[in-house]
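Take a look at the structure below.
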Amino acid sequence: EAGVAQSPRYKIIEKRQSVAFWCNPISGHATLYWYQQILGQGPKLLIQFQNNGVVDDSQLPKDRFSAERLKGVDSTLKIQPAKLEDSAVYLCASSRRLAGGPTDTQYFGPGTRLTVL
Amino acid sequence: AQSVTQPDIHITVSEGASLELRCNYSYGATPYLFWYVQSPGQGLQLLLKYFSGDTLVQGIKGFEAEFKRSQSSFNLRKPSVHWSDAAEYFCAVGTMDSNYQLIWGAGTKLIIKP
């Protein structure tokens, strides 16, 4: 089965510009996650979707970050405007499970490395 | 609050030598435990996981991990490392208290000496 797809793989922007990342999860996976991974740290969950609904966005900086999962499949994460501290790798993951159930295996895409200058 | 500690930021091992990467967690009950590996420029790949049962878990690429409840640990081991094992390794736990979301350690970077 195809894995989690993400694009672009790399992006360089100036601060205050906008950027969008795309994710296509594994077919049939109900739950989709966006993580931010700053160099030297573990991933930090930004937002979790179940189908096309938001389960948890408590750590999403909503003044500048937004995300949607149209039709419960693909997802887009946007940053507007970007700050220097947003430089990180943005990882998308998906899992079969529905929210509220025991932890399921998450499958990760290759990530998008964002550099904000 | 739950937490995951990987005490070693970097570990250097000679090719062919054995490896143990440490992971300790803070949680009152048994969590769901995972080890992931991240090669340079790649996403995270699951090595192995523990949910219940036999406390010695076998994973891919010749890795294994042992859950020790008394020590709140889930250390990753490999009897003989290969140069291709050079990567960053992350331990993660999922608990009911975290709504089963993963709590991640900071990672251990494995360096292989030829």
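Name the single residue, out of those in the range B:37-50 being polar (S, T, N, Q) and not in a strand (DSSP E or B), that is farthest from the other protein chains (Cβ to nearest Cβ). The selected residue is B:Ser39. Taking the stated definitions as given, is A:Gly28 open to solvent by less than 60 Å² (accessible area, probe 1.4 Å) and part of a loop (DSSP other than H, G, I, E, B)? Here the answer is no, as A:Gly28 does not meet what is asked.
Against the condition under 10 Å from the mean Cα position of the chain (by Cα), within 12 Å of chain B (Cβ to nearest Cβ) and not β-branched (Val, Ile, Thr), how does A:Tyr107 come out, does it pass? Quick ask: steps written out before the conclusion?
On the way: under 10 Å from the mean Cα position of the chain (by Cα): no; within 12 Å of chain B (Cβ to nearest Cβ): yes; not β-branched (Val, Ile, Thr): yes.
Judged against the criteria, A:Tyr107 is not a match.
One residue is enough: does the range B:19-36 have a residue meeting the conditions among the small types (Gly, Ala, Ser), touching a Cys at 6+ places or on another chain (Cβ under 8 Å) and in a strand (DSSP E or B)?
Start the filter on the range B:19-36 by keeping residues that are among the small types (Gly, Ala, Ser), which leaves B:26, B:28-29.
When the remaining residues are screened for being touching a Cys at 6+ places or on another chain (Cβ under 8 Å), the result is none.
Checking the range B:19-36: not a single residue is among the small types (Gly, Ala, Ser), touching a Cys at 6+ places or on another chain (Cβ under 8 Å) and in a strand (DSSP E or B).
Restricting attention to the range A:32-71, the residues being within 11 Å of chain B (Cβ to nearest Cβ) and surrounded by fewer than 21 Cβ atoms within 10 Å (Cβ to Cβ) number 9. Looking across the range A:45-63, just one residue is within 14 Å of A:Phe21 (Cβ to Cβ) and assigned to a loop (DSSP other than H, G, I, E, B), and that is A:Leu60.
Does A:Asp74 meet the test of being open to solvent by less than 60 Å² (accessible area, probe 1.4 Å), without any contact (Cβ under 8 Å) to a residue 60 or more places away in the chain and of a type outside the set (A, V, I, L, M)? Criteria met by A:Asp74.
Looking across the range B:94-114 at every residue that is within 8 Å of another protein chain (Cβ to nearest Cβ) and assigned to a strand (DSSP E or B), the one that is modelled with the highest pLDDT is identified as B:Trp104.
Note on the range B:19-58: among residues that are within 26 Å of A:Tyr90 (Cα to Cα) and among the small types (Gly, Ala, Ser), the one that is surrounded by the fewest Cβ atoms within 10 Å (Cβ to Cβ) is B:Gly41.
In this structure, is B:Asp85 away from chain A (no Cβ under 14 Å), touching a residue at least 60 places away in the same chain (Cβ under 8 Å) and acidic (Asp, Glu)? Outline the logic, then answer.
Details: away from chain A (no Cβ under 14 Å): yes; touching a residue at least 60 places away in the same chain (Cβ under 8 Å): yes; acidic (Asp, Glu): yes.
So B:Asp85 fits the description; yes.
Is there a residue being assigned to a loop (DSSP other than H, G, I, E, B), within 18 Å of A:Thr115 (Cβ to Cβ), within 14 Å of chain B (Cβ to nearest Cβ) and open to solvent by 20 Å² or more (accessible area, probe 1.4 Å) anywhere in the range A:2-15?
Going residue by residue through the range A:2-15, those that are assigned to a loop (DSSP other than H, G, I, E, B) are A:2-4, A:8-9, A:14-15.
Those left that are additionally within 18 Å of A:Thr115 (Cβ to Cβ): A:8-9, A:14-15.
Remaining after also requiring within 14 Å of chain B (Cβ to nearest Cβ): A:8-9.
If we keep only those that are open to solvent by 20 Å² or more (accessible area, probe 1.4 Å) as well, we get A:8-9.
Scanning the range A:2-15 turns up at least one residue that is assigned to a loop (DSSP other than H, G, I, E, B), within 18 Å of A:Thr115 (Cβ to Cβ), within 14 Å of chain B (Cβ to nearest Cβ) and open to solvent by 20 Å² or more (accessible area, probe 1.4 Å).
Is at least one residue of the range B:42-59 within 13 Å of the chain's Cα centre (by Cα) and among the small types (Gly, Ala, Ser)? Checked the range B:42-59: at least one residue is within 13 Å of the chain's Cα centre (by Cα) and among the small types (Gly, Ala, Ser).
The values are calculated or read from the model by the stated rules, or taken from the named source; none is laboratory data. Note that the structure is a prediction, hence the values are computed from the model and not measured. Quick reminder, even Gly has a Cβ in these numbers, built from the backbone with ideal geometry, and neighbours come from all protein chains shown. With ligands, DNA and RNA removed, areas are computed over all heavy atoms of the protein, side chains included. Shrake-Rupley method; radii C 1.70, N 1.55, O 1.52, S 1.80 Å.
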